[in-house]
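Notes follow the structure.
The values are calculated or read from the model by the stated rules, or taken from the named source; none is laboratory data. These numbers come from a predicted model, not from an experiment. Reconstructed Cβ throughout: ideal geometry from the backbone, glycine too, with neighbour counts over all protein chains shown.
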Amino acid sequence: MTSATSTASRSKSSASLRHRLAERGVDTKLWLLVPAVVFALLLFVYPFAYGIGLTFQPLAGTQEKWGGGFFANYIAFFKDAFVFDSVWLTMRLALPAALFNVIVSIPIAFKLRGKFRGKRFMQTLLVLPITLGTVLTAQGLLIFAGRQGWLNRFLMETGIISEPLQLVNNYLGVFFSLVISGFPFAYLLISSYLSGIDPSLEAAAKTLGANWKQRFRRVTLPLLAPGLATTFILTFVLAFSVFPSARLVGDASGDTRVLALMAYRAFSEQLDYSMASTIAIMMGVVELIVIGIVFLGRSFLYKGSTGGKG
Amino acid sequence: MSNSTLKSTRPGRNAPPTEIVNIRNRNKSSLAPGEKSLVASPGTWFVWFGVAAFFIFLFGIVISVLVDSFGKPWFDTWLPENFTLGWYQEAWNRFDLSHIIGVTLLVAFAVIVVSVVIGVPASYVLARSRFPGKNLVMLLFLLPILIPPITFGIPLATVMYNFGLGRTVLAVILVNLVPSVPFVIITMTPFIEQINPSIENAARMCGANMWQVFTKVLAPLLVPGILAASILVLVRTVGMFDLTFLVSGPTSDTLVVAIYRAMTSAGGGEARQLISSMGVIYTAMMLVILIIALRFINPTQLVAQVKESRED
Amino acid sequence: MSLSANAFESLELKNVGRSFGGRDALVDLNLTIRAGEFIALLGPSGCGKSTALNCLAGLLPLTHGEILIDGKRIDVLPSEKRDFGMVFQNYALFPHLSVEKNIAFGLQMRGLPKAEITRRVAEGLALVKLEEHAKKLPGQLSGGQQQRVAIARAVVLEPRLVLMDEPLSNLDAKLRLEMRTEIRRLHQSLGLTTVYVTHDQEEALSLADRLVVLRDGRVQQIGTPEELHDHPANWHVADFMGYRNLIDLRVESVTGDLARVSGPDLSLTARLVQDAAVGDDIRVAIRPSDLLVARPGASTDGLNVIEAVVNVVEYQGREFAVGVTTTGGQNLFVHAETAPTAGATVTLTVDPARALIYRSSLDIVSAEQQELAEVRG
């Protein structure tokens, strides 16, 4: 084993580029990734970039009305109260709905994490709203919670109310539909995160003298927090892009005039593709801002337990 | 509490449907003596009230639609005066439902096949290799799931119309692939990570080449995962409204879109019962698909089996 | 089962090296394996022994050197073309295939006729005594049975070389002993050539014809179990071979192959295994069984004498393992036939021939250091 031989073998290795690439993970296996990447570039990145380009080609009418040349669409978006208000309307719907779904799911997931008769049956039933879909939920809500529906009829006949409640074709109707589609999702996610927490940790806290509240606040909640943040984001994404129910059980020209609806109207009714793309892209921007804030808050509050998807 | 303790017990991100086992274990330890007294708290009432309210709404919705679809006239009463099957017949003929259901199934099937063929190899690479730019690729696959469908749907639809694909079945398939391929990739990655790489090495040491490793070892092990991902893609695609709606036309509408169009068509929409009967058909179709799919596999069981033999 | 068709004369590893992103996991491994040999690669975790095995298997590409069989390079062949069998630490059985299908897998990959596959699978099952479990899935077997399936799956191919990666580390103590015997039996009766990786020195000594001790990717010593056990090449190998007492001292004087070495509180006469000059820092290695508790009044002529206080006494079957501390605070491990009481002062004796002197720095010097030494010299 002399220095000469080892130097020789070293220099040989530096000559092999292929090997050094393989060392860093660049090898023939990567070809398997190519179809998916090409696909994403063609059907996601390209249209997206094209859409962004479109936003800078406003229609002549928009330019005349709002000025600003290339940026007319954006000026219109921010200055046209009819359009810009829908940012607020969307948030007013999506944030409370997502928060409600997550917050209500926590105690329920906690109480129901033990084994009891019919648990599997209940969890299977929770999948049912998925088979309904948004359009169907809307139709059902219109019938069930409408002025002559069973709900109002029951409440009136038992004397709880004297006049039928207005539960659909307004903000409440959309909120209900967001809960019906979002709650099972939030519950199933949170209970699976909860089952990932080692029960012996709580047992350990118990032996150290922590009571129920302390155990929840000091041990379980911090461990659950990243999962809650993820669940919140996913339910928020669902609620934020609400579209059919806002039209069907909401008040499409008033309280539930959400961004998705505005974008669609510009697209198919006004045939203003550039304005439609502007609204659509601003919608994505607003959503990503909210997600970013949640992520920041998560890493700020729970430095210890974050990392990975959580 | 130290960082490492927390890290090691972080909720398992790859633990999807195997939670039943965990619940059983936990139950033993958490129901210690003294715990009982806490159970009858107001919290419990809240929980049961919440669950009950949810199910009342859920069943109210489902049964309302069901009853409505059979009701002759149903206005100001608890139940309709008469029952009939006529609405189904009318809906079937009026909206050409056999064509619409055919389109729906064709789209769903095509989306599943293409997204599995494209997505599974990609998720294999993402689960097994580290390479420069991996995070960028991950982001590329996460974004279509994370941002609202309308946000990329409108530019995508514009491009489709530019290429003359507007209102075709092909366009419907293509737009549905955009979230489905990433979805398959992201659901399959944990499944692949669960398979110990030494099983692949063992196959190679037995003389199997890369292709044989894939077909003889990985594919059978991944069948449960692929089926699970396929079911989810199927449910998402059949239920996908936003994207389909943007590019579909009369001959390429899927069932959800057809129902929406019937509900919102000019002149106050179609008769409510017609829509309800279509809704029942939709839900029935979804349920049949799910039941058939679940008959073929029990994802929980198969995943647990793979895991078990890897752990010991 | 005869292996004549696949046999080779010798397998040669020449300067084999492997680095991961600039970090050397294995450096300049030179080894010639003769047909029928049982070689054990021994070392603590992270020493490069598994890297060496994976390089041999072709699961990791080499960064340096070459591997030759009878003069023909094989390191350029992919794993599946090398015709080696491998047994993995976690067994790596195919969970979706029954025991017999697991064993048949490699034979099918080679495209053998059905009848022959059936015959050889039956032979393989009989070899590891699992005939009645043939139809079971791996998940239904115990750890020991799974490992037997893994071994059968590897040897049924009649491979030129069998590689085993810590195959017993997941088994409990009793099963480990049984399987050890089993592996040695199969090796001999089938005339296999085996490379076996382990961190358990006892396992390696009992199984192997020759051992390769590795540390930080570098070979420390290659030799038969007797050579390693009796003549460790440096203190690291000695440590691995059961010289639990390693005492850092300085050379006072040298006479022949004996030297007087001492520290702040301890002074010994010991045998020089590696060269050392007066004033050098050295390390003395002594087996616990060579440190004897002297009976009161017994002669200590020609022996080293150490006074120490007893800390811990552990019963170990026929004898006692005793932990003691010398007056200067040096902890030592001793074997005794009768149990001393904790806290008592005892007199220890050690034969100078049984106390080995090693250089404090390990013998393996990297190329750069060598060059540096040459420049200085």
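Whether a residue is more than 30 Å from A:TYR273 (Cα to Cα) and assigned to a helix (DSSP H, G or I) was assessed, and A:VAL87 does not pass this test. Checking each residue in the range A:56-84 for being assigned to a helix (DSSP H, G or I) and of a type in the set (D, E, K, R) picks out A:GLU64, A:LYS65, A:LYS79.
Got a sec? Which helices (runs of 4 or more DSSP H) wholly within the range B:114-198 have at least 3 residues that are farther than 23 Å from A:TYR50 by Cβ and in contact with a Ser or Thr (Cβ under 8 Å, 6 or more places away or on another chain)? Outline the logic, then answer.
Values: elements: B:134-146, B:149-162, B:169-194.
Here the list reads B:169-194.
Take C:ALA204 and decide whether it is within 18 Å of the chain's Cα centre (by Cα) and away from chain B (no Cβ under 14 Å). The answer is yes for C:ALA204. When each of A:THR131, A:THR207, A:THR137 is tested for being within 11 Å of chain B (Cβ to nearest Cβ) and surrounded by 21 or more Cβ atoms within 10 Å (Cβ to Cβ), the lone residue that passes is A:THR137. Here C:PHE38 passes the criteria (1) without any contact (Cβ under 8 Å) to a residue 60 or more places away in the chain; (2) surrounded by fewer than 23 Cβ atoms within 10 Å (Cβ to Cβ) except the one numbered (1).
Run down C:VAL149, C:VAL162 and say which single residue is within 22 Å of the chain's Cα centre (by Cα), under 16 Å from B:MET205 (Cα atoms) and among the aliphatic types (A, V, I, L, M).
On the way: C:VAL149 fails: within 22 Å of the chain's Cα centre (by Cα).
Selected residue: C:VAL162, the only one of C:VAL149, C:VAL162 that is within 22 Å of the chain's Cα centre (by Cα), under 16 Å from B:MET205 (Cα atoms) and among the aliphatic types (A, V, I, L, M).
The set of residues in the range A:91-103 being buried (at least 20 other Cβ atoms within 10 Å of the Cβ) and over 12 Å from A:PHE240 (Cα atoms) consists of A:ASN101, A:VAL102. Residues that are under 18 Å from C:LEU332 (Cα atoms) and of a type in the set (Val, Ile, Thr) were ranked within the range C:250-279; the one that is surrounded by the fewest Cβ atoms within 10 Å (Cβ to Cβ) is C:THR269.
Total residues in the range C:325-339 satisfying the condition of being buried (at least 18 other Cβ atoms within 10 Å of the Cβ) and either hydroxyl-bearing (Ser, Thr, Tyr) or farther than 14 Å from C:ARG287 by Cα (or both): the figure is 1. Here C:ARG176, C:ARG148, C:ARG153 are screened, and the one residue that is basic (Lys, Arg), over 26 Å from C:LEU31 (Cα atoms) and within 14 Å of chain B (Cβ to nearest Cβ) is C:ARG153.
Does C:ASP248 satisfy being among the charged types (D, E, K, R) and not in a strand (DSSP E or B)? Quick ask: steps written out before the conclusion?
On the way: among the charged types (D, E, K, R): yes; not in a strand (DSSP E or B): no.
Spelling it out, it is not the case that C:ASP248 is among the charged types (D, E, K, R) and not in a strand (DSSP E or B).
Give the residue that is nearest to C:PRO167 (Cα to Cα), with candidates limited to residues of the range C:53-70 that are among the small types (Gly, Ala, Ser) and touching a residue at least 40 places away in the same chain (Cβ under 8 Å). Selected residue: C:ALA57. Output the number of residues of the range B:178-218 satisfying the condition of being within 14 Å of chain C (Cβ to nearest Cβ), surrounded by 23 or more Cβ atoms within 10 Å (Cβ to Cβ) and over 17 Å from C:ALA154 (Cα atoms). Within the range B:178-218, residues that are within 14 Å of chain C (Cβ to nearest Cβ), surrounded by 23 or more Cβ atoms within 10 Å (Cβ to Cβ) and over 17 Å from C:ALA154 (Cα atoms) number 1. It is to be established whether one or more residues within the range C:358-366 are within 14 Å of chain A (Cβ to nearest Cβ) and either farther than 18 Å from C:ASP275 by Cβ or modelled with pLDDT of 90 or more (or both). Yes - at least one qualifying residue is present in the range C:358-366. No other residue among B:VAL257, B:VAL217, B:VAL303, B:VAL223 is farther than 14 Å from B:THR104 by Cβ, modelled with pLDDT of 90 or more and of a type in the set (Val, Ile, Thr) apart from B:VAL217. In the range C:27-42 there is no residue that is over 26 Å from C:PRO232 (Cβ atoms), within 14 Å of chain A (Cβ to nearest Cβ) and not acidic (Asp, Glu).
Given the criterion more than 7 Å from chain B (Cβ to nearest Cβ), buried (at least 24 other Cβ atoms within 10 Å of the Cβ) and part of a helix (DSSP H, G or I), identify the matching residue among A:THR235, A:THR220.
Numbers: A:THR220 fails: buried (at least 24 other Cβ atoms within 10 Å of the Cβ).
On inspection, the qualifying residue turns out to be A:THR235.
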